[in-house]
Amino acid sequence: MELGNLQRGYIDYISALFHEGFLDNQFTQLQQLQDESNPEFVLEVATLFFDDSEKLLNELSRTLDQQVVDFKKVDAHVHQLKGSSSSIGAQRVKNVCIAFRDICEETDTAGCFRCLQQVKQEFYLVKSKLETLFRLERQILAAGGSIPIMW
Amino acid sequence: MAVEAEARFHVLAVDDSLMDRKLIEKLLKISSFHVTTVDSGSKALEFLGLSATASPEQSEIEVNLIITDYSMPGMTGYDLLKRIKGSSSFKDIPVVIMSAENVPSRINRCLEGGAEEFFLKPVRLSDLKKLRPHILKGKSKEGHLSQEESSEIDKITSRSISHDSSSICSKRKAMDEESAQERRRLRLSCGGLQYDLA
């Protein structure tokens, strides 16, 4: 009974993540690559994404805090963040990065600060949601069940 | 008669992003390639034995395809491509370039520079299906093909539609123009199915 509830809860949770645009099809692609030989593949990729992104966000803060902002550097960091969010399927983060690069091109410092706030917000949101998702997966496995396949 | 183990092709993947290296390695392994990953163009050249610091033993490394990111600090994927194509020992190794950015001039430049394919990131499993034909072509240039590999190339170049697809198509019912058009579309998409090289 409890396992059934856990699995239904998982289905609802992950469906909402797709529905609300937090995750896109690339995340499903990653799930499809996971198998018995590498059962933590998605978690490993997500962990790399979290670590990479924290570093990039810190770098971005530092770069924007300089007296004279090096917009090329800002753009390079955002480009990297866009790449890694795209690789994991973190759609909302990726979309903010796309807008961020346009603002960068206009060398609009205030605009860049706003984008940075937005991208931080989206990043921490998707990070927390993914952590919840992985926790739900662990609970299902601990209860002896298997994680529902969503494709 | 001795049964030969299926030879696995060796792909060298180059990307400065750890995340992307992990991804491409997984995709390649799932596609049954033997994989080596490096994080820069210079490390790739070193691995191939093309750098000044390479030792003689390294020239025994066999690489059947190189897949590289375009935007890397120091040596870009394009720079690496030119170095490889400019080398007498490695110019026949097929090179594929990946990029997160869809810039037509960049894509053309790479293809004109000798790249076999240009993949947009994130790379998918279906993209990797395009790799084997290039590897086999590269090997045929070297004259190193086994009987199996030669017949694989014949299969690819004749591109015959498999029996499976025609049976799917023949299950269609109605005779009016619209469904006939649909059948034509379905037949075309069946014909475009990835041929199975496994």
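The values are calculated or read from the model by the stated rules, or taken from the named source; none is laboratory data. Keep in mind that what you see is a predicted model, and the values were worked out from it rather than measured. A quick note on method: Cβ atoms are made from the backbone with ideal geometry, for glycine too, and the neighbour counts reach across all protein chains shown. Accessible surface is based on the protein model in full, side chains and every heavy atom, while ligands, DNA and RNA are left aside. Shrake-Rupley method; radii C 1.70, N 1.55, O 1.52, S 1.80 Å.
Given the options A:LEU43, A:LEU23, name the one that is in contact (Cβ under 8 Å) with a residue 60 or more places away in the chain, among the aliphatic types (A, V, I, L, M) and surrounded by fewer than 21 Cβ atoms within 10 Å (Cβ to Cβ).
One residue alone meets the criteria, A:LEU43.
Among the residues of segment A:51-71, count how many are touching a Leu at 6+ places or on another chain (Cβ under 8 Å) and open to solvent by less than 20 Å² (accessible area, probe 1.4 Å).
5
Output the residues belonging to segment B:81-127 that are surrounded by 15 or more Cβ atoms within 10 Å (Cβ to Cβ), of a type outside the set (D, E, K, R), assigned to a strand (DSSP E or B) and without any contact (Cβ under 8 Å) to a residue 60 or more places away in the chain.
Once the filter is applied, which keeps residues that are surrounded by 15 or more Cβ atoms within 10 Å (Cβ to Cβ), of a type outside the set (D, E, K, R), assigned to a strand (DSSP E or B) and without any contact (Cβ under 8 Å) to a residue 60 or more places away in the chain, segment B:81-127 yields B:VAL95, B:VAL96, B:ILE97, B:SER99, B:PHE118, B:PHE119.
Considering (1) exposed (fewer than 13 other Cβ atoms within 10 Å of the Cβ); (2) within 14 Å of another protein chain (Cβ to nearest Cβ), say which one A:VAL78 fails and leave the rest.
Result: A:VAL78 fails condition (1) only.
Kindly provide the set of residues from segment A:26-36 that are loosely packed, with under 13 Cβ neighbours inside 10 Å and more than 9 Å from chain B (Cβ to nearest Cβ), ordered by number.
Passing the criteria: only A:GLU36.
Given the conditions (1) of a type outside the set (Lys, Arg); (2) part of a helix (DSSP H, G or I); (3) at the interface with chain B (Cβ under 10 Å from one of its Cβ atoms), report the number of the one that A:LEU64 does not fulfil.
With (1) of a type outside the set (Lys, Arg); (2) part of a helix (DSSP H, G or I); (3) at the interface with chain B (Cβ under 10 Å from one of its Cβ atoms) applied to A:LEU64, the lone miss is (3).
Based on this model, can you work out whether A:SER84 counts as among the polar types (S, T, N, Q), within 14 Å of chain B (Cβ to nearest Cβ) and either open to solvent by less than 40 Å² (accessible area, probe 1.4 Å) or touching a Phe, Trp or Tyr at 6+ places or on another chain (Cβ under 9 Å) (or both)?
When the stated conditions are applied, A:SER84 passes them.
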